[in-house]
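Student: Shown below is the structure under consideration.
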Amino acid sequence: MAAIYVWEDARFEQLYPLTYLRPAYLLRAGLGTLLEHIRRAVPSAPAGVMARSLLAPLVAMETDLPINPKIVTKAGVLLINGRWFATGPLTMPEGTAGVVGDDWVWLH
């Protein structure tokens, strides 16, 4: 199974001032953070999250996932945009990508 990583794209700036002090995937949406919604939507736990270096210490306190880990590509990689509000289970066939408007949601 492909390793899953959650990343924050450059459009986090569109969520200022909310994303000054935390990555987009740690923003609350409903009953949980965007990261918690993503974790429920994907088939296995993420192998790590990508965080801006300034925010890495905060992310380490807020989540149990590795921060900015070395990406292992042996079994494939699934990258999920941390701004995505996952609303249900997601199946992502290998070699595909999901796009909403101009935004990449996931790459597999």
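The values are calculated or read from the model by the stated rules, or taken from the named source; none is laboratory data. Please read all numbers here as calculations on a predicted model, not as lab measurements. Every residue, glycine as well, gets a Cβ built from its backbone with ideal geometry; the counts of neighbours run over all protein chains shown. For accessibility, only protein heavy atoms count, side chains too; no ligands or nucleic acids. Shrake-Rupley method; radii C 1.70, N 1.55, O 1.52, S 1.80 Å.
Student: Select from the range 48-77 the residues that are closer than 21 Å to A10 by Cα and small (G, A, S) and list them in ascending order.
Tutor: Of everything in the range 48-77, those that are closer than 21 Å to A10 by Cα and small (G, A, S) turn out to be G48, A51, S53, A56, A60.
Student: Is it true that P46 is within 22 Å of P93 (Cα to Cα) and part of a loop (DSSP other than H, G, I, E, B)?
Tutor: Answer is yes for this residue.
Student: If you don't mind, there's one more thing I want to ask. Could you tell me whether T19 is among the polar types (S, T, N, Q), within 18 Å of D103 (Cα to Cα) and open to solvent by less than 30 Å² (accessible area, probe 1.4 Å)?
Tutor: Yes: the conditions hold for T19.
Student: Right, another one. Taking the conditions exactly as written (out of contact with any Gly (no Cβ under 6 Å at 6 or more places or on another chain) and exposed (fewer than 13 other Cβ atoms within 10 Å of the Cβ)), does A60 satisfy them or not?
Tutor: No; evaluated as a whole, the condition is false for this residue.
Student: Right, something else. Let me confirm something: among G95, G88, which residue is touching a residue at least 40 places away in the same chain (Cβ under 8 Å), of a type outside the set (A, V, I, L, M) and not in a helix (DSSP H, G or I)?
Tutor: G88
Student: Specify the residue that is modelled with the lowest pLDDT; the eligible residues are those in the range 1-16 that are open to solvent by 30 Å² or more (accessible area, probe 1.4 Å) and out of contact with any Lys or Arg (no Cβ under 9 Å at 6 or more places or on another chain).
Tutor: Only one residue fits best here, namely M1.
Student: Give V72, V42, V49, V105 a once-over and let me know the one that is touching a residue at least 24 places away in the same chain (Cβ under 8 Å), open to solvent by less than 60 Å² (accessible area, probe 1.4 Å) and under 17 Å from M1 (Cα atoms).
Tutor: Of V72, V42, V49, V105, the one residue that is touching a residue at least 24 places away in the same chain (Cβ under 8 Å), open to solvent by less than 60 Å² (accessible area, probe 1.4 Å) and under 17 Å from M1 (Cα atoms) is V42.
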